[in-house]
Amino acid sequence: MAASDLTADPRLSAEGGDPDLALTQDLLTFLEKSPTCFQVIANFKKALLFKGYTYLPEDTPWVLLPAGKYFTTRNGSSIIAFRTPDPAPTGFQITASHSDSPTFKIKANPELKEGEAYIRLNAEPYGGMLMAPWFDRPLSVAGRVLAQAEGGVTEIPVVVDRDLLLIPSVAIHMNREANKGYAYNAQTDLLPLLGEGADAGAFRRIVAEAAGVSPDAILGSDLFLYVRGRGSVWGASNEFVSAGHLDDLQCAFSCFRGFVSSEGTKTPAVPVFACFDNEEVGSLTKQGADSTFLEDVLSRIAEGTGMTREAYHAAVAKSFMLSADNAHALHPNHPEKADPANRPLMNHGIVIKYHAGQKYTTDGVTAALFKLLCQDAGVPFQEFTNRSDMAGGSTLGNLSNAHVSLNCVDIGLPQLAMHSCFETAGVRDTGYLVRAARAFYGSSLRRDGDTLSWVQG
Ligand code: ZN
């Protein structure tokens with residue numbers, strides 16, 4: 001995708017039309033060009049380089065300059081970008097979102113022959129997905145391969161950009177129970193069909209061709225299924241957008257737009273955009289939110305900007321994080337699944353998420369401060385709690401807070417069908433989060449006795 005697709009100002013790209021629809025088309029392009037976490041991060045990286053940010057590899061010493069623009073990545077699937085203020089920073093303004101989505105990961109030695117008739121691919125679930133939506137759709141694979149080259153191993157991002165696979169349903173005539181609550185078996189029901197039986201080795205050849213290497217050179221891979229095709233805007237007033245990976249790329253995209261578009265504002269805090277992999281499988285990887293990645297980067301910013309250890313601790317205490325991960329909208333057919341009072345609607349603004357057991361980090365203080373920020377930015381907000389008899393999901397903020405503990409609010413954009421491979425959200429809400437993130441990145445936190453406030457610029 002063009003780097004400018006991720007960085008353009010939606011107010012300028014609408015050309016007299018509806019800016020929310022223009023922004024939604026940019027979101028759909030980003031989703032279409034980002035079939036796995038590796039392409040998500042590669043696209044952010046490309047956009048940051050286009051905007052003049054400097055890439056800092058983690059395994060080299062960093063030299064940071066005042067008023068500099070930087071980013072680093074881990075595993076090619078998580079990214080943290082930041083700007084250094086001039087003079088030394090007084091805090092960190094962080095958004096955290098995630099780059100991964102539930103899908104199926106291709107196993108080692110994936111080709112399974114069914115006699116001479118068919119070749120299927122052996123795959124296993126990644127994350128907790130709704131399985132039914134995966135049937136009878138054109139699918140393909142993307143991710144990365146590790147190829148042997150010049151005595152070493154080179155990482156190559158790969159997208160097989162054609163309709164390649166499909167998981168066929170069993171006909172109703174052969175499974176009369178199909179509409180009565182069928183329990184899918186991931187090892188037998190969900191394996192995608194690749195082709196007819198004679199063409200053994202085809203999968204490896206197809207992936208190698210997409211990567212531009214010989215099949216024998218591939219020593220490793222991280223490949224995932226993805227749904228083919230572009231998402232769609234629909235509804236009586238074009239108010240809905242449906243696509244794969246809205247959880248959480250709608251938030252990641254919006255926070256990123258807010259981050260790059262806040263560049264003109266001078267603030268004594270460090271604006272930090274963080275997007276982590278592996279949220280859908282618990283975040284406990286070296287690049288997940290429950291790793292040292294954020295803590296390592298904040299420490300290096302502190303050292304690189306000449307902060308003492310004491311100044312760093314004071315700055316963390318004056319920091320704020322938006323943990324941005326999509327939220328459940330009221331379901332049209334199942335309103336009884338929602339809390340009696342807190343029932344977010346699509347196109348009605350950013351959702352503040354609460355949980356008494358603190359799976360969401362939001363507390364009275366951080367909710368109040370976030371509402372204040374939204375009010376100042378003219379952005380609507382609404383509130384979500386689980387029904388008291390439902391467990392609900394988990395997210396990034398509380399895990400990240402175990403490593404760097406700071407003020408945090410859990411927010412998200414309202415959507416339907418979370419963890420389907422084709423989710424639905426509101427076209428107005430993306431712009432709300434872009435505006436809130438832009439205001440957030442242009443602010444810093446101030447304490448005056450018992451009063452906390454946002455200082456703009
Ligand atoms: Zn999520």
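Restricting the search to segment 386-405, which residues are away from the ligand (no atom under 16 Å from the Cβ) and either in a helix (DSSP H, G or I) or in contact with a Lys or Arg (Cβ under 8 Å, 6 or more places away or on another chain) (or both)? Listed by number, the residues that qualify are 387, 390, 401.
Does at least one position in segment 424-440 carry a residue that is open to solvent by 10 Å² or more (accessible area, probe 1.4 Å), within 16 Å of the ligand (Cβ to nearest atom) and under 20 Å from residue 338 (Cβ atoms)? The answer is yes, given that some residue of segment 424-440 is open to solvent by 10 Å² or more (accessible area, probe 1.4 Å), within 16 Å of the ligand (Cβ to nearest atom) and under 20 Å from residue 338 (Cβ atoms).
Checked against the criterion of being within 16 Å of the ligand (Cβ to nearest atom) and of a type outside the set (S, T, N, Q), segment 227-240 has no qualifying residue. Scanning segment 330-360 for residues that are closer than 16 Å to residue 436 by Cβ and open to solvent by less than 50 Å² (accessible area, probe 1.4 Å) yields 344, 347, 349, 350, 351, 352, 353.
Considering only segment 294-307, I want to know if a residue exists there that is more than 16 Å from the ligand (Cβ to nearest atom), within 24 Å of residue 453 (Cα to Cα) and surrounded by fewer than 22 Cβ atoms within 10 Å (Cβ to Cβ). Checked segment 294-307: at least one residue is more than 16 Å from the ligand (Cβ to nearest atom), within 24 Å of residue 453 (Cα to Cα) and surrounded by fewer than 22 Cβ atoms within 10 Å (Cβ to Cβ). Counting only strands (runs of 3 or more DSSP E) that sit wholly inside segment 213-278, those with at least 2 residues that are more than 23 Å from residue 110 (Cβ to Cβ) and not charged (D, E, K, R) are 232-234, 240-243, 269-276. For residue 284, are the conditions met, namely being within 13 Å of the ligand (Cβ to nearest atom), closer than 25 Å to residue 403 by Cα and among the aliphatic types (A, V, I, L, M)? The answer is no for residue 284.
Remark: pairs (first residue in segment 370-397, on the phi > 0 side of the Ramachandran plot; second residue part of a loop (DSSP other than H, G, I, E, B) and within 16 Å of the ligand (Cβ to nearest atom); Cβ separation under 6 Å; 6+ apart in sequence or on different chains) = 392/386. In this structure, is residue 311 at pLDDT 95 or above, surrounded by fewer than 20 Cβ atoms within 10 Å (Cβ to Cβ), among the small types (Gly, Ala, Ser) and not in a loop (DSSP other than H, G, I, E, B)? The answer is yes for residue 311.
Of all residues in segment 139-159, those being without any contact (Cβ under 8 Å) to a residue 24 or more places away in the chain and in a strand (DSSP E or B) number 2. State whether the residues of segment 182-193 include one that is modelled with pLDDT under 95, over 30 Å from the mean Cα position of the chain (by Cα) and open to solvent by less than 30 Å² (accessible area, probe 1.4 Å). No, the conditions are met nowhere in segment 182-193. Note on segment 72-138: enclosed strands (runs of 3 or more DSSP E) holding 2 or more residues that are open to solvent by 40 Å² or more (accessible area, probe 1.4 Å) and more than 16 Å from the ligand (Cβ to nearest atom) are 103-114, 118-126. Which ones in segment 279-288 are part of a loop (DSSP other than H, G, I, E, B) and either open to solvent by 10 Å² or more (accessible area, probe 1.4 Å) or closer than 27 Å to residue 67 by Cα (or both)? 282, 284, 285, 286, 287, listed by residue number. For segment 346-370, filtering for residues that are over 19 Å from the mean Cα position of the chain (by Cα), over 18 Å from residue 391 (Cα atoms) and not in a loop (DSSP other than H, G, I, E, B) leaves 7.
Among all positions in segment 43-58, there is at least one residue which is at pLDDT 95 or above, surrounded by 14 or more Cβ atoms within 10 Å (Cβ to Cβ), within 18 Å of residue 258 (Cα to Cα) and of a type in the set (A, V, I, L, M). Per the listing 209, 177, the residue uniquely at pLDDT below 95, farther than 30 Å from residue 439 by Cβ and either touching a Gly at 6+ places or on another chain (Cβ under 7 Å) or surrounded by fewer than 14 Cβ atoms within 10 Å (Cβ to Cβ) (or both) is 177. Could you tell me which of the residues 260, 213 is farther than 12 Å from residue 425 by Cβ and over 24 Å from the mean Cα position of the chain (by Cα)? So the residue among 260, 213 that is farther than 12 Å from residue 425 by Cβ and over 24 Å from the mean Cα position of the chain (by Cα) is 213. Filtering segment 368-379 to residues that are touching a strand residue (DSSP E or B) at 6+ places or on another chain (Cβ under 9 Å) and open to solvent by less than 50 Å² (accessible area, probe 1.4 Å) leaves 369, 370, 373, 374, 379.
The values are calculated or read from the model by the stated rules, or taken from the named source; none is laboratory data. None of the values given here were measured: they were computed from a predicted structure. We place every Cβ from the backbone using ideal geometry, glycine too, and count neighbours over all the protein chains shown. Areas reflect the complete protein model, heavy atoms only, side chains present, ligands, DNA and RNA absent. Shrake-Rupley method; radii C 1.70, N 1.55, O 1.52, S 1.80 Å.
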